[in-house]
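First up is the structure itself, then whatever we jot down about it.
Every number in this text was worked out from the coordinates using simple rules, so none of it is lab data. Please read these numbers as outputs of a predicted model, since none were measured by experiment. Every residue, glycine as well, gets a Cβ built from its backbone with ideal geometry; the counts of neighbours run over all protein chains shown.
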């Protein structure tokens, strides 16, 4: 699934440049023209990243970022500020407010995409687009392919996304609710036991070593065990 970026920018020409750049780079894009619309969009469906113009009509970009960081549900969303203001004090102010990065206009499309991927790599590695290789497993999100010991595996789209998320956080235990939010989205109302069904399907797709790679943590959830610590 394509990572979703919400672009909060009131200049229609820049909106279209950003839309084209991000779609070409493999992102799903939603455009809004004000901080108020952006806040509503984020509350409806949690995006994978936000691009926020500093100077917006009505509520400012910095106020928007501050509100997003104060909300428990949205505080970890990666945020990049995009603005024409180049003074050091503006950059520092934006970062201190809670932005992860700061890009000035005019910007290089390639640099912007690289910065988004870098922020995702730090905050949400499963959306960075990087190939993940752990032991005999190799997952390429851009090609939507996965192999084990060099042999291709056939996984459904949900099982693929579930494995991608677990591989991006090796050794970390996730509850069923956390996996639901990450894989299905926190705006969907799905029973937690749905995760168990897809973990079974994922294990079936991985084959004989699946039980040792994806461990059930009784009463908690699941985690991916890197091969080095498989027991």
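Measure nothing fancy, just the Cα-based angle from helix 193-206's long axis to the longest principal axis of the chain, in degrees from 0 to 90, nearest 10. Between the helix axis and the principal axis of the chain, the angle is about 70 degrees. Legend: translational diffusion of the stretch 132-229 by Stokes-Einstein, Rh = Kirkwood radius over C-alpha pairs, 20 °C, 1.002 mPa s; D = 158 µm²/s. Axis angle, to the nearest 10 degrees, between helix 157-168 and the longest C-alpha principal axis of the chain: 80 degrees. Take the Kirkwood radius over Cα pairs of the chain, plug it into Stokes-Einstein at 10 °C and 1.306 mPa s, and you get 84 µm²/s for translational diffusion.
Rounded to the nearest 10 degrees, the inclination of helix 61-70 to the longest alpha-carbon principal axis of the chain is 40 degrees. If you take the Cα centroid of the stretch 143-161 and the Cα centroid of the stretch 1-56, the two points sit 30 Å apart. Pull up the DSSP beta bridges for the chain and report the antiparallel fraction as a percent, rounded to 5. Of all bridge pairs located within the chain, approximately 45 percent are antiparallel.
Per-residue ellipticity at 222 nm, computed for the chain from helices alone with -39500 (n - 2.57) per DSSP H run of at least four residues, works out to -12000 deg cm²/dmol. Going by neighbour counts of Cβ atoms within 10 Å, the residues 142, 81, 55 line up, fewest first, as 142, 55, 81. With coordinates expressed along the principal axes, the C-alpha atoms belonging to the stretch 4-127 extend over 31, 31, 25 Å, beginning with the largest.
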